[in-house]
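Quick notes on the structure that follows.
Just so it is clear, none of the values below were taken in a lab; they were calculated from the coordinates. What you see is a predicted model, and the numbers here were worked out from it, not measured in a lab. Counting neighbours? That spans all protein chains shown, and the Cβs are built from the backbone with ideal geometry, glycine included.
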Amino acid sequence: MDLRKLMLPFTALNLKEKRRNNLKDFLNVAGPMGVTHFLILSKTETAPYLRVARTPQGPTLTFKIHEYSLAADIAQSQLRPRCPKDLFNNPPLIVLSGFGTGEQHLKLTTIMFQNIFPAIDINTVKLSSCQRIVLLNYNKDTKLIDFRHYSIRLQPVGVSRRIRKFVQNHQVPDLRNLQDVSDFVTKAGYGSESEVDDEAATVSLPMDLGRVNRTSNKSAVKLQEVGPRMTLQLIKVEEGLCSGGVIFSEFGNVSSGNKKTNEEEQQKDEEEDEQEDNEDD
């Protein structure tokens with residue numbers, strides 16, 4: 001469910017699958033529903049796996065999930081979890097780091113994830129629609145991919161947290177214990193709440209965004225993790241949709257004999273599925 005929510009708004013969030021459903025069932029409805037990719041989770045006795053497949057003819061990337069944390073786990077670990085109502089109204093941005101090694105399987109991984117999310121035009125995109133980011137970082141030494149999902153927020157530089165909340169919410173602050181309204185800004189414990197601004201993380205906006213982020217002032221870009229979080233390892237790339245020739249294997253090339261055996265096993269599984277469907281009918 002976390003992965004479905006991450007892909008919002010272009011995902012089947014309320015899809016209900018049954019145990020008797022097979023890959024053919026989902027592939028038959030993928031075209032009419034405009035589904036371009038499948039994200040398939042599975043689990044064995046050794047580890048969970050994630051398959052990312054392009055419909056209708058592949059390719060398919062198979063990842064071993066070494067570690068993962070659910071969105072609920074991420075939220076529980078944070079002092080102030082952030083999840084506005086409109087956070088999932090627009091698709092996330094995608095950023096890939098460390099994939100430019102020139103290896104074919106990494107190029108396929110880059111293309112696959114870039115095509116999962118809609119492309120953006122930097123000349124026409126609205127800043128208000130850029131609220132989430134998916135980051136994939138490849139470590140060439142460990143061959144692991146860090147998968148992270150963040151929310152994006154902007155804060156005006158040099159403005160305390162209390163002032164920002166006052167401007168955004170239009171709530172009258174409690175001034176009963178203050179001698180003057182200026183104490184609300186200058187008194188220790190109020191004005192000092194402004195976060196330290198990193199010059200590298202500040203930007204000048206091309207347009208006003210909200211009530212506090214203006215083009216005349218610099219704004220700081222803040223990322224807060226939303227989840228889910230995964231550590232992945234690419235172990236196999238197949239030409240087709242969960243089938244076909246193996247383009248890449250972390251454990252060595254697959255011989256033609258093994259390919260033939262895999263195809264025979266797949267055909268046998270399909271015949272068994274058809275037989276079960278006939279029995280159900």
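Please go through the stretch 69-129 and write out the chymotrypsin sites (Phe, Trp or Tyr not before Pro) that DSSP classes as loop and that have at most 15 other C-beta atoms within 10 Å.
Sparse-neighbourhood loop chymotrypsin sites (Phe, Trp or Tyr not before Pro): none present.
Sorting ASP86, ASP146 on the 10 Å Cβ count, fewest up front, what's the list?
Going from sparsest to densest Cβ surroundings: ASP86, ASP146.
Kindly put TYR138, TYR68 in sequence by how many other C-beta atoms sit within 10 Å of each C-beta, fewest to most.
Starting with the residue having the fewest Cβ neighbours, the order is TYR68, TYR138.
Which of the three applies to the stretch 72-152, rounded, prolate or oblate, going by the alpha-carbon gyration tensor with a ≥ b ≥ c and a/c under 1.5 meaning rounded?
Oblate, because a/c is 1.5 or more while a/b does not exceed b/c.
Taking θ = phi - 60°, what integer Hz values does the Karplus form 6.51 cos²θ - 1.76 cosθ + 1.60 yield along the stretch 68-77, in sequence order, with x for Gly and Pro?
Computed from phi, the couplings for the stretch 68-77 are 7, 9, 6, 4, 5, 5, 5, 5, 5, 7 Hz.
Give the order of VAL203, VAL246 when sorted by the count of other beta carbons within 10 angstrom, beginning with the fewest.
In increasing order of surrounding Cβ atoms, one gets VAL203, VAL246.
Quick one: net charge of PRO84's neighbours, Cβ under 11 Å, K/R +1, D/E -1?
+3
How large is ³J(HN,Hα) for each residue in the stretch 117-130, as worked out from phi by the Karplus curve 6.51 cos²θ - 1.76 cosθ + 1.60 (θ = phi - 60°), to whole Hz, x for Gly and Pro?
Taking θ as phi minus 60°, the curve returns 9, x, 6, 10, 9, 5, 7, 10, 5, 8, 4, 5, 8, 8 Hz for the stretch 117-130.
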